[in-house]
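Taking it in order: structure first as structure tokens, then the write-up.
The values are calculated or read from the model by the stated rules, or taken from the named source; none is laboratory data. Remember, it's a predicted structure, so these values are computed and weren't measured experimentally. Cβ placement follows ideal geometry from the backbone for every residue including glycine, while neighbour counts extend to all protein chains displayed. Each accessible area value is taken on the protein alone, full model and side chains, heavy atoms only, with ligands, DNA and RNA left out. Shrake-Rupley method; radii C 1.70, N 1.55, O 1.52, S 1.80 Å.
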Amino acid sequence: MTPAARLQATIELMQEVADVARPADAVISAWFRARRQIGDADRGQIIELLYTLLRHHARLGWWLERIGRKDIPRHRLIAWLALSGQSPDQLRSLFNGDRSSPSALTEPERAMLAKLQGGSVDHPDMPDAVRLECPDWALEPLQRRFGPTFAAEMAGMLTPAPLDLRVNPIKSTRDDMLAALRDLGLKPAPTTMAPLGIRMPERLSLANLPMLKSGAVEIQDEGSQLVAMLVDARPGDRVVDFCAGAGGKTLAIAAQMANKGHVVACDINEGRLERAAERFRRAGLHNIQTRLLSSETDKWVKRHKLGFDRVLVDAPCSGTGTWRRNPDARWRPEDEQGVGHLVALQAKILASAARLVKPGGRLVYATCSLLSEENEEQVTIFLASHPDFKLVPLGEAAPGLPSAQPYYLSLTPAQHDTDGFFAAVMVRQSSPLSPKGEVKPAIS
């Protein structure tokens, strides 16, 4: 493809992302599946430019409003190129109306270029929320969460996210996978915190990784790998991943158990569980069972109370910790509702899942959120109403893991170069009592 053709493809893909009510990564995958003639190199450059535009969403919108131009993908791209130093002559050569190229610049667009000439993406008149790409609903909670480091933390979420892999110990070792990746001409590096993690510094087509197809490695952010480690599942344990989703943490937990014991991957979405089951099979893991729940209070939970050694609650959340990886997520309309409805749902899920934990068993609550309301405050409220659970210090639960807080795993892109994750480890000290004071037995 010519440079101009890649720009036209980017405009079309941007419009698709704007029109389709799905996460950008899913829209992008579907868009390219319908255009298999686009090669890997061109695909990579188109995606990189698209994500750059998404990371500058608020700032480009501010500029277009300032100069009185309609906020559409074509104008966003023109503004980005102009503010990045492209001259009017260079833009006219790219927007030339030739086959597969963007249509020629109109007179209003030439006037737009004149107004942008000599400017930069950041402008001193921009409000902090615009300059830092923070939606209004999240500004105050994140300022309260980070205080004087707020700007640095938000800047950390405006950098491209790395690609991390987790080695499946059932099929290989990290040393073997590092060697195999180097044999492919790549430059992998072991992650610094997760013992089975590999970081890929360069962009690459995942279709070219045979070890991914075979299940010897899985794509998983290093922070997510650390959350799974907190479960501390042992061979022979009975474990529940209560909100399993795509099954990434379920895979890591089952591998910790060396394919022994029993893992139940629960979710309320049948499609997600079916896709997760395929990943389980590819990874060679046979100790996982999927369980479709009608809700967080499904009768299955009551039937299996006190029956599990480990329960992970990776709760649905605002996803603020994933903004670096999913820059479109911060601007989805549903986020404008705030997090009150999510906080209430998290409390219900945590309270229900806790019933599954046997005496002496471990309950891990986790989110990919950076908001205190969804994290520390949620745990505090749960412990106040569940005196039979005790918070375990992080140094005791997982010695060596990084955290500025003694009782919580708290990761951010700026501090740890991972997605933003929160996790707390709790242990049930005794069985819940019946109304008559009798210990309730576990029901299998």
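Please work out if LEU50 is in contact with a Lys or Arg (Cβ under 6 Å, 6 or more places away or on another chain) and open to solvent by less than 30 Å² (accessible area, probe 1.4 Å).
No: the conditions fail for LEU50.
Can you tell me which residue is farthest from GLN220 (Cα to Cα) among those in the range 402-431 that are free of Cβ contacts under 8 Å to residues at least 40 places away in the same chain and among the hydroxyl-bearing types (Ser, Thr, Tyr)?
In the first step, residues of the range 402-431 are kept if they are free of Cβ contacts under 8 Å to residues at least 40 places away in the same chain; the result is 403-408, 410.
Going one step further and asking which of them are among the hydroxyl-bearing types (Ser, Thr, Tyr), we end up with 403, 407-408, 410.
On the way: SER403: 20, TYR407: 24, TYR408: 21, SER410: 17 Å.
Here the answer is TYR407.
Assess whether GLU153 counts as being in a loop (DSSP other than H, G, I, E, B) and modelled with pLDDT of 95 or more.
no
Is it the case that ALA114 is of a type outside the set (Ser, Thr, Tyr), open to solvent by less than 50 Å² (accessible area, probe 1.4 Å), over 16 Å from ARG76 (Cβ atoms) and at pLDDT below 95?
Numbers: of a type outside the set (Ser, Thr, Tyr): yes; open to solvent by less than 50 Å² (accessible area, probe 1.4 Å): no; over 16 Å from ARG76 (Cβ atoms): yes; at pLDDT below 95: yes.
For ALA114, the condition - of a type outside the set (Ser, Thr, Tyr), open to solvent by less than 50 Å² (accessible area, probe 1.4 Å), over 16 Å from ARG76 (Cβ atoms) and at pLDDT below 95 - is not met.
Find the residue count for the range 156-214, including only residues that are of a type in the set (Lys, Arg), part of a helix (DSSP H, G or I) and surrounded by 13 or more Cβ atoms within 10 Å (Cβ to Cβ).
Within the range 156-214, residues that are of a type in the set (Lys, Arg), part of a helix (DSSP H, G or I) and surrounded by 13 or more Cβ atoms within 10 Å (Cβ to Cβ) number 1.
Only one of (1) open to solvent by 40 Å² or more (accessible area, probe 1.4 Å); (2) touching a residue at least 60 places away in the same chain (Cβ under 8 Å); (3) of a type in the set (Gly, Ala, Ser); (4) not in a loop (DSSP other than H, G, I, E, B) fails for ALA258. Which number is that?
Condition (4) is where ALA258 drops out.
Restricting the range 226-240 to residues that are part of a helix (DSSP H, G or I) and open to solvent by less than 10 Å² (accessible area, probe 1.4 Å), which is nearest to HIS416 (Cα to Cα)?
LEU226
Please go through the range 395-413 and pick out each residue that is small (Gly, Ala, Ser), within 22 Å of the chain's Cα centre (by Cα) and either loosely packed, with under 14 Cβ neighbours inside 10 Å or part of a strand (DSSP E or B) (or both).
Residues satisfying the conditions are ALA404, SER410.
Every residue, every condition in (1) surrounded by 14 or more Cβ atoms within 10 Å (Cβ to Cβ); (2) farther than 18 Å from ARG6 by Cα, yes or no:
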residue: ALA21; (1), (2): no, yes
residue: HIS56; (1), (2): yes, yes
residue: LYS70; (1), (2): no, yes
residue: TRP80; (1), (2): yes, no
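If you go through the range 72-101, how many residues are in a loop (DSSP other than H, G, I, E, B), at pLDDT 95 or above and in contact with a helix residue (DSSP H, G or I) (Cβ under 7 Å, 6 or more places away or on another chain)?
Number of matching residues: 0.
Take the residues in the range 117-136 that are outside any loop (DSSP other than H, G, I, E, B) and open to solvent by 50 Å² or more (accessible area, probe 1.4 Å); name whichever of them is modelled with the highest pLDDT.
ARG131
For the range 312-333, does any single residue satisfy the condition of being of a type outside the set (Gly, Ala, Ser), outside any loop (DSSP other than H, G, I, E, B), over 25 Å from ASP221 (Cα atoms) and open to solvent by 40 Å² or more (accessible area, probe 1.4 Å)?
Among the residues of the range 312-333, at least one is of a type outside the set (Gly, Ala, Ser), outside any loop (DSSP other than H, G, I, E, B), over 25 Å from ASP221 (Cα atoms) and open to solvent by 40 Å² or more (accessible area, probe 1.4 Å), which makes the answer yes.
What are the residues in the range 336-375 that are among the charged types (D, E, K, R) and under 24 Å from GLY223 (Cβ atoms), if any?
ARG362, GLU373, GLU374, listed by residue number.
If GLN15 meets every condition in (1) surrounded by 15 or more Cβ atoms within 10 Å (Cβ to Cβ); (2) within 19 Å of SER100 (Cβ to Cβ) apart from one, which number is that one?
Going through (1) surrounded by 15 or more Cβ atoms within 10 Å (Cβ to Cβ); (2) within 19 Å of SER100 (Cβ to Cβ) one by one, GLN15 breaks only (1).
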